[in-house]
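What follows is a single structure, written as structure tokens, with notes after it.
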Amino acid sequence: AGPMLVHRSTTETARLLTALLERSVLPAETQTALLQRAGGNPLYAEEFVRMVTDRELLTGEGELPLPESVQGIVAARLDSLPDEEKTLLQDAAVLGKVFWLGAAAEIAAVDRPAAEEALHRLERKEFVRRERRPSVAGESEYAFRHLLVRDVAYSQIPRARRAEKHRLAGEWIERLGRPEDHAEMLAHHYSSALELARAAGADTSALEVPARRALHEAGDRAFALGAYATARKFYSQTVEAWPENEPPNPELLIRYSRVLNLVDIGSAPEFLLQAVEIALASGDSGQAAEAETLMCEMYWLTGRRDDAFEHLRAAEGLVENEQSSYAKAYVLANVSRFRMLAGDREHAIRVGRQALAMAEELGLDELQAHA
């Protein structure tokens, strides 16, 4: 079956090549060499024809070049563009496969009419296409015709410039508002800017806070949607982006640990112990109690009942003297939960009613449902 499939693929690529070239005729030996180089890859044939059209090689003199790979063809096509078009395309690639006129103009530092005209020429040359239904109100939206074209254009940007381009992209997206809709994009651009700047040994002080904030918000967004593996990735990156000389936010460590208890049971003790220590040092017994409660959950899920109840008792002690608070309602709801699981029904019902009353008083819908 293998040789038959290869033959069929090569035949179909030959037909595609003929259709793309329309009336133009390649010498037989050139077409044979092209098909061998394409290896049945239609994208190679398609990009080759675009290169031919760009350079009008069929009507010129000399030998027809045959790059080794489709990436080589795309790179050759990009290199043949005027500087302003090539730079704009590279800067648009920073935004991704889909991008917007205003963002591309800002990142490339050109005025909007000039960027629009350059994109119109790039559309005629079939590098990009204009989308009929833009996802951002008031902005013309474009997409690279092939993801490979975007990847090659991005790879041509000098590494030293990429951090600045990602920062500008993040700032443009941030000005759109609706941060909950753009959380992942913001996290990508600011974290990329921070990573690239660090790799280049540049000053990262202006990038650290926006990157941590964007990653944290992307983690919260993913968690709210139930995308726990994605939330884990963003929370992990937030922790990694924290300065070594500054203790992490205990709220972040608690949220990260809550996700770990869902997707990687038993991996959270380091972060929870750190959260307890930092919270107690700042006088926040409520956050320390939340961390202790999650420690109970982690040990319960890994079959260590005695350790679980040790941490649950520690959590109870930390909120014992509080009148009414989220932390106390959270701890009481979980005391009820784990006492119920342990078969201590009377204790579970009594504490559960206390948790429910407190959650209703404070308007905590999720904890009401939990209790």
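Relative contact order of region 155-285, taken over Cα pairs closer than 8 Å and 6 or more residues apart, is 17 percent. For region 84-139, what class follows from the C-alpha gyration tensor (a ≥ b ≥ c being the square roots of its eigenvalues): rounded when a/c is under 1.5, otherwise prolate if a/b is larger than b/c, else oblate? Rounded. Normalised by the number of residues in region 157-219, the mean separation of alpha-carbon contacts (under 8 Å, six or more apart) gives a relative contact order of 39 percent. Qualifying trypsin sites (Lys or Arg not before Pro) in region 167-201, where qualification requires a DSSP coil assignment and no more than 11 other C-beta atoms within 10 Å, comprise Arg175.
Among the chymotrypsin sites (Phe, Trp or Tyr not before Pro) found in region 291-371, not one is both in a DSSP coil and sparsely packed, with 12 or fewer other Cβ atoms within 10 Å of its Cβ. Here region 285-371 is treated as an ellipsoid with the same Cα gyration tensor; its semi-axes, largest first and in whole Å, are 19, 15, 10.
The fraction of all Cα pairs in region 229-270 landing in successive 5 Å bins from 0 to the largest distance is 5, 25, 33, 25, 9, 3, given as whole percents.
Taking all C-alpha pairs of region 209-353, those more than 28 Å from each other amount to 19 percent. Based on alpha carbons, the Rg and Dmax found for region 109-263 are 17.8, 53 Å.
Which GluC sites (Glu not before Pro) from region 294-364 combine a DSSP loop assignment with at most 13 other Cβ atoms within 10 Å? When the GluC sites (Glu not before Pro) of region 294-364 are filtered for loop state and at most 13 Cβ neighbours within 10 Å, Glu320 remain.
Where Lys and Arg each count +1 and Asp and Glu each count -1, what net charge lies around Ala227 among other residues with Cβ under 13 Å from its Cβ? Spelling it out: positives minus negatives among the neighbours equals +1. FRET efficiency for the pair Thr302 and Glu277, taken as 1/(1 + (r/R0)^6) with r the Cβ-Cβ distance and R0 = 30 Å, rounds to 0.90.
These residues, Ile349, Ile278, go from largest to smallest accessible area, 1.4 Å probe, as Ile349, Ile278.
Once both labels are positioned 7 Å from their Cα atoms along Cα-to-Cβ, the gap between Ala357 and Glu131 label points is 5.4 nm.
The values are calculated or read from the model by the stated rules, or taken from the named source; none is laboratory data. What you see is a predicted model, and the numbers here were worked out from it, not measured in a lab. Neighbour counts run over all protein chains shown; Cβ positions are idealised from the backbone, glycine included. Quick note on the areas: whole protein, heavy atoms, side chains included, nothing else; ligands and nucleic acids left out. Shrake-Rupley method; radii C 1.70, N 1.55, O 1.52, S 1.80 Å.
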